[in-house]
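Notes follow once the structure below has been shown.
The values are calculated or read from the model by the stated rules, or taken from the named source; none is laboratory data. Just so it is clear, the model here is predicted, and its values are computed rather than measured. Glycine also receives a Cβ, built like all others from the backbone with ideal geometry; neighbour counts cover every protein chain displayed.
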Amino acid sequence: MVFDTPDTTGFLDARPVFKGHLLVVPRRHVDTLMDLPASATGALFNQVKRAAAALETGLGAQGSFIAINNRVSQSVPHLHVHVIPRTRGDGLRGFLWPRHRYASDAEAADYRDRIAAALVPDA
């Protein structure tokens, strides 16, 4: 265990992308980020922020990669945030590949508008 708070816990990933790769997990069981109540979001992401800073201070990382899988590629059906130490030239590639272009500005605007229309009000 790296840290343990009333709302969250943080521990090393058993199969790290890089050594020091942490998982930050809410104590309250929820499957995905969308299931996490708004009242619990601050506590979770405060610990993610603290973990990212600790990787830089404690390990000399130059930055971090922070990721959440929601359903697809989620090997454990419980919300968890990956906080991965990064350094320039570390070779991390492929998390966000392949990348695609929109066919036109109109297609990009269509996606923008569909997403904006589906946003739920802040809870």
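Could you tell me whether any residue of the stretch 15-28 is outside any strand (DSSP E or B), on the phi > 0 side of the Ramachandran plot, of a type outside the set (S, T, N, Q) and surrounded by 10 or more Cβ atoms within 10 Å (Cβ to Cβ)?
Pass one, the stretch 15-28, residues outside any strand (DSSP E or B): 15-21, 27-28.
Cutting the leftovers down to on the phi > 0 side of the Ramachandran plot gives us 20.
Going one step further and asking which of them are of a type outside the set (S, T, N, Q), we end up with 20.
Keeping just the survivors that are surrounded by 10 or more Cβ atoms within 10 Å (Cβ to Cβ) gives 20.
Yes, the stretch 15-28 contains at least one residue that is outside any strand (DSSP E or B), on the phi > 0 side of the Ramachandran plot, of a type outside the set (S, T, N, Q) and surrounded by 10 or more Cβ atoms within 10 Å (Cβ to Cβ).
Looking only at the stretch 36-50, how many residues end up being part of a helix (DSSP H, G or I) and either of a type outside the set (A, V, I, L, M, F, W, C) or more than 12 Å from the chain's Cα centre (by Cα) (or both)?
Looking only at that region, the number is 10.
Out of the stretch 63-77, which residues are free of Cβ contacts under 8 Å to residues at least 12 places away in the same chain and at positive phi?
Within the stretch 63-77, Ser73 is the sole residue that qualifies.
Which residue is nearest to Leu12 (Cα to Cα), if the candidates are limited to the stretch 69-82 and must be at pLDDT 95 or above and among the hydrophobic types (A, V, I, L, M, F, W, C)?
Of everything passing the filter in the stretch 69-82, Val81 is nearest to Leu12 (Cα to Cα).
If I ask for residues that are part of a loop (DSSP other than H, G, I, E, B), under 13 Å from Val17 (Cβ atoms), at pLDDT 80 or above and not hydrophobic (A, V, I, L, M, F, W, C), which ones from the stretch 83-103 would you list?
Initially, the stretch 83-103 is screened for residues part of a loop (DSSP other than H, G, I, E, B), giving 87-103.
Retained after the next criterion (residues that are under 13 Å from Val17 (Cβ atoms)): 87, 90-95.
Within this subset, residues satisfying the condition of being at pLDDT 80 or above are 87, 90-92.
The answer is Thr87, Asp90, Gly91.
Among all residue pairs at least 6 apart or on different chains, which show Cβ distances below 9 Å where the first residue, located in the stretch 106-118, is over 23 Å from Met34 (Cα atoms) and the second is surrounded by 10 or more Cβ atoms within 10 Å (Cβ to Cβ)?
Between residues of the stretch 106-118 that are over 23 Å from Met34 (Cα atoms) and residues that are surrounded by 10 or more Cβ atoms within 10 Å (Cβ to Cβ), the close pairs are Ala108/Tyr102; Ala109/Tyr102; Asp110/Tyr102.
Which of the residues spanning the stretch 29-41 are among the hydroxyl-bearing types (Ser, Thr, Tyr) and surrounded by fewer than 14 Cβ atoms within 10 Å (Cβ to Cβ)? So that I can check it myself, show each step before the final result.
Here is the first cut: in the stretch 29-41, the ones among the hydroxyl-bearing types (Ser, Thr, Tyr) are 32, 39, 41.
Passing the criteria: Ser39, Thr41.
Mind checking which residues of the stretch 1-14 are farther than 15 Å from Phe65 by Cβ and not in a strand (DSSP E or B)? Break it down into steps so the answer makes sense when it comes.
Filtering the stretch 1-14 for residues farther than 15 Å from Phe65 by Cβ gives 1-12, 14.
Met1, Val2, Thr5, Pro6, Asp7, Ala14, listed by residue number.
Which residues, taken from the stretch 64-79, are in contact with an Asp or Glu (Cβ under 9 Å, 6 or more places away or on another chain), in a loop (DSSP other than H, G, I, E, B) and of a type outside the set (A, V, I, L, M)?
Asn70, Arg71, Gln74, Pro77, His78, listed by residue number.
Go through (1) on the phi > 0 side of the Ramachandran plot; (2) crowded, with 18+ Cβ neighbours inside 10 Å for Gly60 and report which single condition fails.
Gly60 satisfies all of (1) on the phi > 0 side of the Ramachandran plot; (2) crowded, with 18+ Cβ neighbours inside 10 Å except (2).
With more than 22 Å from Asp90 (Cβ to Cβ), in contact (Cβ under 8 Å) with a residue 40 or more places away in the chain and in contact with a Pro (Cβ under 6 Å, 6 or more places away or on another chain) as the only criterion, which of Asp35, Asp31 stands out?
Asp31
Please work out if Ala61 is over 15 Å from the mean Cα position of the chain (by Cα), at pLDDT 95 or above, in a loop (DSSP other than H, G, I, E, B) and over 30 Å from Ala118 (Cα atoms).
Numbers: over 15 Å from the mean Cα position of the chain (by Cα): yes; at pLDDT 95 or above: yes; in a loop (DSSP other than H, G, I, E, B): yes; over 30 Å from Ala118 (Cα atoms): yes.
In short, yes.
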